[in-house]
Amino acid sequence: MALPHAQRKYDLIVFGASGYTGKLTAEQVLLHTPSSLRWAIAGRSPHKLELLASDFNRRFPDRVPAGIFIADLDEDALEKMARATRCLISAVGPFIRYGTAVVEACAINGTHYVDSTGEITWVKEIVDKYHKTAKVNGAIMIPQCGMESAPADLAAHTLVKTMRDNYNCPVGDVTFCLHELKAGMSGGTLESGMSLLEHSTLQEVVHATRTYALSPVKGYDLPFAWPMRKHPELGILTKWIQAVPDTVYVYRSWGTFDRGQYYGENFNFMEYRRASNWISAVFWFLMMCSITVLPIFAPFRWLARKLIQPGEGPTEEQMEKYRIEYRGVAEADDDTENPKKVFVRLTYEKDPYTCTGALMVQVAMSILFDEDIEAKKLGCGMLTAATVATQEFYRNLDRAGFHIETKLL
């Protein structure tokens with residue numbers, strides 16, 4: 001039987017806090033959550049955690065001190081950790097290797113859960129396996145909540161809500177693009193990509209990448225989308241590697257909100273990367289095709305692992321120069337020659353890993369403290385970032401540096 005949340009020692013535990021993304025996530029807790037938050041950092045190394053907690057508590061003396069929870073990946077340790085907190089943020093990847101037992105412990109014990117995975121075959125597996133268990137035990141569980149795939153999901157939800165609020169109209173085409181990305185890659189991201197291919201069959205990958213793979217309802221067969229195109233508001237667009245996991249995730253939100261009726265039965269989400277010209281568009285198209293195919297081959301994975309090790313990533317000096325910007329346009333599904341349009345812009349003036357931490361922390365805060373979120377009205381389960389998106393959530397994201405702005409075109 002799940003321990004009541006009121007009897008749990010912590011509001012939040014960050015699992016994997018001594019890793020690259022975990023440490024940045026813990027920093028976001030310090031900077032952008034209430035000082036009264038009862039929280040802890042968790043992992044396998046007592047020495048690393050003690051050093052981190054000492055540093056955090058010295059720098060932020062007015063906060064409730066960060067606790068320490070020693071946990072490896074055995075069943076008993078995960079059970080104790082899940083029962084000790086109301087919500088768990090996991091940054092322990094690759095999730096396809098290390099994440100399932102964590103999810104199971106949270107689902108069984110009614111512990112809310114947020115993670116940073118982008119491993120689509122694993123997300124498909126845990127949604128199929130643990131959605132009902134989480135729902136029965138009152139756990140709101142939101143995987144894939146970092147750069148993959150929260151920005152796309154929140155952008156789509158914002159566009160739909162803006163269209164509904166202003167025109168009371170469903171949405172048809174949504175074109176979303178990575179407008180600018182100045183960033184580097186961590187070893188953990190690389191390892192997750194390699195592990196997905198090593199632990200999933202080709203059939204599992206194909207099944208998990210179908211548009212409606214995660215949606216509770218199936219929509220109509222979507223029209224063909226050109227891999228390169230010119231959009232009147234967004235410019236020249238080309239293939240982008242995150243488009244597939246993001247699209248599958250967005251359609252889970254589509255199917256979750258009133259079984260597709262809120263977004264619109266003809267909702268058609270398309271994601272790209274912006275290119276400065278057609279030569280650049282062709283270059284990025286070929287680059288994305290290569291990144292998709294090359295990791296299939298073991299020698300490439302061996303070389304990639306030699307070049308970038310897990311736990312490594314961009315330095316603080318490098319991260320100061322990074323920024324992220326997304327843009328998107330939604331068209332009303334109103335059967336007119338010139339449909340109404342809504343524009344959205346998302347910006348974050350830091351690196352993707354800090355951005356991932358900021359997104360996960362604010363999603364966790366919304367789960368813990370916002371009673372108006374759609375996730376609670378749905379009765380919990382395996383859900384998406386859009387199901388916690390309220391005005392208070394967006395205000396908190398804005399304070400954390402993740403800005404979303406819309407306008408009518």
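For LYS80 and SER276, what is the calculated FRET efficiency with R₀ set at 60 Å and r taken between the beta-carbons, to the nearest 0.05?
E(calc), rounded to 0.05, equals 0.70.
Of the listed pairs LYS218/LYS340; LYS132/LYS340; LYS132/LYS218; LYS124/LYS230; LYS239/LYS321, which have alpha-carbon separations greater than 29 Å here?
Over 29 Å Cα-Cα: LYS132/LYS340; LYS124/LYS230.
If each of ARG59 and PHE224 carries a label point 7 Å out from its Cα toward its Cβ, how far apart are those two points in nm?
5.3 nm
Explain nothing, just compute: Karplus ³J(HN,Hα) = 6.51 cos²θ - 1.76 cosθ + 1.60, θ = phi - 60°, for every residue of segment 216-226 in order, whole Hz, x for Gly and Pro.
Running phi through 6.51 cos²θ - 1.76 cosθ + 1.60 with θ = phi - 60° gives x, 9, 9, x, 7, 5, 6, x, 5, 10, 5 Hz.
Search the structure for amide H atoms under 5 Å from the amide H of VAL171, placed 1.01 Å from N in the peptide plane, and list their residues when 5 or more places away or on another chain.
Amide H neighbours of VAL171: GLY264, ASP333.
Could you order ILE13, ILE404, ILE108 so the one with the most accessible surface comes first? Probe is 1.4 Å. Spell out each step's value before the answer.
Working: ILE13 0, ILE404 50, ILE108 80 Å².
Highest to lowest solvent-accessible surface, that is ILE108, ILE404, ILE13.
In nm, what is the difference between 0.36 nm times the number of residues separating GLN261 and LYS182 and their Cα-Cα distance?
24.8 nm
Calculate what fraction, in whole %, of the accessible area of the chain sits on carbon and sulfur atoms when a 1.4 Å probe is rolled over the protein chains.
On the chain, the fraction of accessible area on carbon and sulfur atoms equals 54 percent.
Given points 7 Å out from each Cα along the Cα-Cβ axis, report the LEU31 to LYS129 separation in nanometres with one decimal.
It works out to 3.5 nm between the two label points.
Go ahead and run the numbers for FRET between THR292 and ASP398, Cβ-Cβ distance against an R0 of 22 Å, rounding to 0.05.
0.05
Starting at the first residue of segment 397-404, write each ³J(HN,Hα) from the Karplus equation 6.51 cos²θ - 1.76 cosθ + 1.60 with θ = phi - 60°, in whole Hz, x for Gly and Pro.
4, 4, 5, 7, x, 9, 9, 10
Mind checking the alpha-carbon convex hull of the chain and giving the volume per residue in Å³?
Given the Cα convex hull of the chain, per-residue volume reads 137 Å³.
For a quick protection proxy, order the peptides 119-127, 322-330, 26-34 by their average other-Cβ count within 10 Å, most packed first.
By packing density, highest mean first, the sequence is 119-127, 322-330, 26-34.
Distance from a point 7 Å along Cα→Cβ of ARG323 to each backbone N in segment 266-294: keep the residues under 19 Å and list them by number.
Of the residues in segment 266-294, 273-277 have backbone N under 19 Å from the label point off ARG323.
Can you tell me how much longer the chain between THR347 and LEU51 gets when fully stretched, taken as 0.36 nm per residue apart minus their C-alpha distance, in nm with one decimal? Mind dumping the intermediate values first?
Working: separation 296, 0.36 × 296 = 106.56 nm, distance 3.29 nm.
Taking 0.36 nm per residue and subtracting the Cα distance, the gain is 103.3 nm.
With the other protein chains left in place, how much accessible area per residue, in square angstrom, belongs to the chain at a 1.4 angstrom probe?
On the way: 18090 Å² over 409 residues.
Ligands and nucleic acids excluded, the result is 44 Å² per residue.
Once ligands and nucleic acids are excluded and a 1.4 Å probe is used, how much of MET382 is accessible, expressed in Å² to the nearest 10?
Roughly 0 Å² of MET382 is accessible to a 1.4 Å probe.
Work out from phi, with θ = phi - 60° and the Karplus expression 6.51 cos²θ - 1.76 cosθ + 1.60, the ³J(HN,Hα) of each residue of segment 52-65, listed in order in whole Hz, and give x for Gly and Pro.
Rounded to whole hertz, the list is 5, 4, 4, 5, 4, 6, 6, 6, 10, x, 8, 8, 4, x.
Rounded to the nearest 500, what is the 222 nm mean residue ellipticity of the chain from helices alone, with -39500 (n - 2.57) per DSSP H run of 4+ residues and division by all residues?
-13500 deg cm²/dmol
Once amide H atoms are built 1.01 Å from N in the peptide plane, which residues 5 or more positions from ALA275, or in another chain, come under 5 Å H to H?
Amide H neighbours of ALA275, under 5 Å, 5+ apart: ILE236, LEU237, THR238.
With both partners inside the chain, how many of the DSSP beta bridges are antiparallel, as a percent to the nearest 5?
In the chain, DSSP labels about 50 percent of beta bridges as antiparallel.
Enumerate the amide H contacts of PHE269 below 5 Å, restricted to partners 5 or more residues apart or on another chain; note that Pro and chain-start residues carry no placed amide H.
Counting only residues 5 or more places away or on other chains, the set is VAL174.
Which of the listed residues, LEU234, VAL29, PRO170, is farthest toward the dipole's positive end in the chain, when Lys, Arg count +1 and Asp, Glu count -1 at the beta-carbon?
Ranked along the dipole, the leading option is VAL29.
Could the peptides 257-265, 245-253 be put in order, highest first, of the mean number of other beta-carbon atoms found within 10 Å of their residues?
On the way: 257-265: 18.2, 245-253: 25.9.
Sorting 257-265, 245-253 by mean packing, highest first, produces 245-253, 257-265.
The values are calculated or read from the model by the stated rules, or taken from the named source; none is laboratory data. Computed from a predicted structure; not experimentally measured. Glycine gets a Cβ as well: all are built from the backbone with ideal geometry, and neighbour counts include every protein chain shown. Remember, those area values only see protein heavy atoms, side chains included, never the ligands or the DNA or RNA. Shrake-Rupley method; radii C 1.70, N 1.55, O 1.52, S 1.80 Å.
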